[in-house]
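Contents: one structure, followed by commentary.
The values are calculated or read from the model by the stated rules, or taken from the named source; none is laboratory data. All values derive from a computational prediction rather than experimental measurement. All Cβ positions, even for glycine, are placed from backbone atoms using ideal geometry, and neighbour counts span all protein chains on display. These accessible areas exclude ligands, DNA and RNA; they are computed on the full protein's heavy atoms, side chains included. Shrake-Rupley method; radii C 1.70, N 1.55, O 1.52, S 1.80 Å.
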Amino acid sequence: MTASTVTATLRLGTRASELARTQSQAVADAITSATGTPVELVHIVTAGDTSSAAIPQLGGTGVFVAAIRRALLEGTVDLAVHSYKDLPTAPEPGLIIAAVPGREDPRDALVARDGLTLGELPHGSTVGTGAPRRVAQLRALGLGLDIVPIRGNVDTRLKRVAGSGGAAADLDAVVLARAGLSRLGRLDAITETLDPLQVLPAPAQGALAIECRTSDARTRELVGRLEDTSARACVVAERSTLATLEAGCSAPVAAYAVIADGWASEGETGPELFLRASVTALDGSDAVRGSVSGPLPEAAALGRALAAELLDRGAAELMAVRA
């Protein structure tokens with residue numbers, strides 16, 4: 001590469017929401033720090049930004065990324081930063097996930113009135129969330145909570161608990177991804193980080209995906225310096241589970257992988273990936289759960305195997321249950 005090529009500015013496509021801009025700017029700064037290449041943000045409006053309808057009604061998974069991917073393929077931008085859980089599991093022809101940076105804490109977080117935890121909320125308390133997975137798992141806990149569907153950015157959701165501008169709060173609590181609150185510097189709002197034994201996270205929650213054109217060798221090389229192999233292995237396992245279940249963000253599917261030392265087989269040793277997943281009926285009436293472990297290079301196969309087990313135990317029927 002010539003010096004002028006190396007320093008040519010990269011155009012990063014992003015949604016204009018505060019969280020999307022914050023995530024994208026963090027990646028832009030990391031690329032510049034690692035490579036010396038300047039990066040400018042290009043705001044792109046997506047279908048998910050222009051409608052207040054529930055995500056499943058807008059078409060489900062991909063509603064926040066289609067316009068950005070179109071800009072990538074047309075060459076309007078050079079790369080994009082996505083919340084990985086927003087991406088469809090099927091690959092997009094002509095595009096590649098060039099890097100998965102280090103992952104934020106993928107757990108869910110409760111923001112409740114009066115500093116309450118989930119177990120302290122009185123029977124009948126209203127809890128807002130836009131994710132069918134959270135709806136199903138919260139109902140399955142049998143706490144007698146009234147789960148209310150909500151949309152909107154992080155601040156909009158938090159204001160429904162705290163109240164704003166003289167308007168009274170209309171919810172007792174909301175459940176959000178802890179990662180988004182962390183990136184926005186709002187961890188102080190959390191009243192409880194939910195144990196995955198109670199509420200298992202969404203596949204790839206807390207992870208970012210940096211995407212570019214497959215043919216763009218220069219951008220692939222520059223972005224690839226941000227790759228975190230452990231984060232990649234975890235999200236590959238989780239999303240492989242989701243793909244094998246043939247489910248998207250409108251399905252009550254959870255998957256969560258962690259890495260630990262201890263794998264050994266036929267004289268070989270290495271870190272071990274431990275994957276848990278669940279499918280819960282939307283009305284909370286039933287669920288199937290399972291786990292599997294194995295070496296990191298088998299992440300995708302582990303996800304497929306666990307999904308096959310869940311399907312054998314009735315996962316498809318549970319995904320069809322309506323509230």
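Quick look at the values:
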quantity: Some residue of the stretch 174-193 being modelled with pLDDT under 95, open to solvent by 50 Å² or more (accessible area, probe 1.4 Å) and over 29 Å from residue 277 (Cβ atoms); calculated: no
quantity: Answer residue from the stretch 292-315, given it is free of Cβ contacts under 8 Å to residues at least 24 places away in the same chain and farther than 13 Å from residue 272 by Cα and is least open to solvent (accessible area, probe 1.4 Å) among those; calculated: 305
quantity: Test result for residue 186, over 26 Å from residue 295 (Cβ atoms) and out of contact with any Asp or Glu (no Cβ under 8 Å at 6 or more places or on another chain); calculated: yes
quantity: The stretch 9-40: number of residues that are assigned to a strand (DSSP E or B) and open to solvent by 50 Å² or more (accessible area, probe 1.4 Å); calculated: 2
quantity: Filter result for residue 22 (modelled with pLDDT of 90 or more and within 16 Å of residue 225 (Cα to Cα)); calculated: no
quantity: Selected residue [under 30 Å from residue 37 (Cβ atoms), modelled with pLDDT of 95 or more, in contact with a Ser or Thr (Cβ under 6 Å, 6 or more places away or on another chain) and among the charged types (D, E, K, R)] from 220, 239, 213; calculated: 239
quantity: Residue match in the stretch 71-89 (condition: open to solvent by 50 Å² or more (accessible area, probe 1.4 Å), small (Gly, Ala, Ser) and at pLDDT below 95); calculated: no
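Here's the yes/no breakdown for (1) without any contact (Cβ under 8 Å) to a residue 60 or more places away in the chain; (2) in contact with an Asp or Glu (Cβ under 8 Å, 6 or more places away or on another chain); (3) surrounded by fewer than 23 Cβ atoms within 10 Å (Cβ to Cβ):
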site: 104; (1), (2), (3): no, no, yes
site: 109; (1), (2), (3): no, yes, no
site: 119; (1), (2), (3): yes, no, yes
site: 130; (1), (2), (3): no, no, yes
site: 134; (1), (2), (3): no, yes, no
site: 149; (1), (2), (3): no, no, yes
site: 153; (1), (2), (3): no, yes, yes
